[in-house]
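Read the structure below first, then the notes.
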Amino acid sequence: MSTLGTTGLGTTRLTALHGNHACALAAVAAGCRFFAGYPITPSSEIAEHLSHEMPKVGGTFVQMEDEIASIAAVIGASLGGLRAMTATSGPGFSLMQENIGYAAMTETPCVIIDVMRGGPSTGMPTRPAQGDVMQARFGSHGDRPVVALAPASVQEIYTETIRAFDLAERLRTPVTVLYDQVIAQLLESVAVPAPSTIHVRERKWANGAGKPFEPYAADDDGIPAMARPGDGHRVHTTGLTHSESGFPTQAPPVVDRMMRRLLGKIDIHAALLEKYETLATDDAEVLIVAYGITARAARRAVTVLREAGIRAGLFRPVTLWPFPEAALQKIAGRAHAVLVPEMNAGQLVLEIQRILGHAPPVRALGRIDGEPITPDAIAAAVRELAVHA
């Protein structure tokens, strides 16, 4: 049991939680009432905690035979009207990709927690990594709406898991929460809000029955109303390209219209999705772009560098996809160089280079041996960049 004690703070309580425990409690608080998953290190504690918590709130916990079945069951539960979630790590996330694409095409809300570990293949089950960044973006084939959040603390695992459910329900899309093994099993104090203060917006349900209903016809917000099971609406659900009726089509004008709406709903709600944090960026000559546990090392590095007279700053995306491009461009425009430290061979750095081009120059700092990047390593790389800036 990871809870060491609680202290009342008005409408919140201060509780010591491990990251995965915080995720499980946040899911229940967000209204998740169905979990299907398959044990895999280092995410298994999420399933373990939910096996105890779900029955307490009338929810359902199912340990499936594998990750493919897990995400399929989650999609089915969501189509049935429940808030649903699964949790996995890199190898299981790979197996889920086809069905994640199905959820995107059918606009089925669901939350996928991916606790990253070393890879490829079974890799290093008990060591941290950040190698699933591009899998979260491009893992499922075809063009699809993508939302991925990257918490950097146990507190943020709690708040971003709740936000993941809110975004999934509001936008009718799968949402991935990416964090690494270090934060998953880190013990920190978490301010847990009172249940009455947690609000996850309901998905847009269709009203009335007995009239022609098009399950994929949307208003200006780009999001179609979803038929609640039993309300009497005729619905056809398919992973094939479809018209507003839900029935398959390959007619180019209809497919183009459908796909542009599917992708466009992310752009329409960019302000809702975009979230990032900055530290000492106003006069930063070297800007560090980091996420997850690496961002915490970067925060310490910025403090040390500032004390030494080196003007470093930190840009931390909390929403990893869609990436907050405009904000980064504005902040990086004042810097002489950009450093992207991450626990992989270079993934997010490719996106940063695409966004910023060659001005300022962007350098990667990768680590792939199963150890976190240290503040000293980041500080040393910044010093080198500052000398040549």
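The values are calculated or read from the model by the stated rules, or taken from the named source; none is laboratory data. Only a predicted model underlies this, so the values are computations on that prediction, with no experimental measurement involved. So basically every Cβ, Gly included, is an ideal-geometry build from the backbone, and we count neighbours across all protein chains shown. All accessible areas refer to the heavy atoms of the entire protein, side chains included, with ligands and DNA or RNA removed. Shrake-Rupley method; radii C 1.70, N 1.55, O 1.52, S 1.80 Å.
Here is how the numbers come out for the structure above:
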read-out	value
Å² per residue, accessible surface of the chain at 1.4 Å	41
Whether region 229-356 is rounded, prolate or oblate, judged on the alpha carbon gyration tensor where a/c under 1.5 counts as rounded	prolate
Theoretical FRET efficiency, 1/(1+(r/R0)^6), r = Cβ-Cβ of A308 and I368, R0 30 Å, to 0.05	0.60
Contour excess over end-to-end distance, with Cα ends at T122 and R260 and 0.36 nm allotted per residue	46.0 nm
Residue range of the chain that is longest and free of GluC sites (Glu not before Pro) which are both DSSP loop and sparsely packed (at most 15 other C-beta within 10 Å)	203-389
Label-point separation in nm, K275 to A251, each point 7 Å along Cα→Cβ	4.0
Area accessible to solvent at F34, 1.4 Å probe radius, in Å²	30
Separation of alpha-carbon centers, region 351-386 and region 273-331, rounded to whole Å	11
Inverse of mean 1/r across different Cα pairs in region 180-219, Kirkwood, Å	15.4
Lys/Arg +1, Asp/Glu -1 at C-beta; region 28-113 dipole; positive extreme among G101, C32, T86	C32
Extension gain (nm, one decimal) between A380 and L240, 0.36 nm per residue minus Cα-Cα	45.3 nm
Cα centre as origin, Lys/Arg/Asp/Glu Cβ charges: region 112-235 dipole, Debye	300
Most mobile listed residue (P145, P375, P195) in the chain, GNM with C-alpha springs under 10 Å	P195
Summed side-chain charge close to P128 - residues other than P128 whose Cβ falls under 9 Å, Lys, Arg +1, Asp, Glu -1	0
For region 1-125, convex hull volume per residue from C-alpha positions, Å³	112
Fluctuation leader among L365, L50, L167 - the chain, Gaussian network, Cα springs under 10 angstrom	L365
Heavy-atom accessible surface of region 215-291: percent carbon and sulfur, 1.4 Å	51
Percent carbon-and-sulfur accessible area, region 126-170, ignoring ligands, DNA and RNA, probe 1.4 Å	50
Kirkwood hydrodynamic radius of region 62-107, Cα pairs, Å	10.7
The chain: Lys pairs at Cα distance under 25 angstrom, eight or more positions apart or on different chains	5
Bins of 10 Å from zero: percent of alpha-carbon pairs in the chain	5, 23, 31, 25, 13, 3, 0, 0
At R0 = 25 Å, FRET efficiency that the Cβ-Cβ distance of H141 and I198 yields, to 0.05	0.10
Amide H contacts under 5 Å for D180, placed H, 5+ residues apart	M116, I293
Added length on full extension, which subtracts the Cα-Cα distance from 0.36 nm per residue, M134 to V57	24.2 nm
Cβ-derived FRET efficiency at R0 25 Å, R354 paired with D267, nearest 0.05	0.90
K211, K265, reordered so the largest accessible area comes first (probe 1.4 Å)	K211, K265
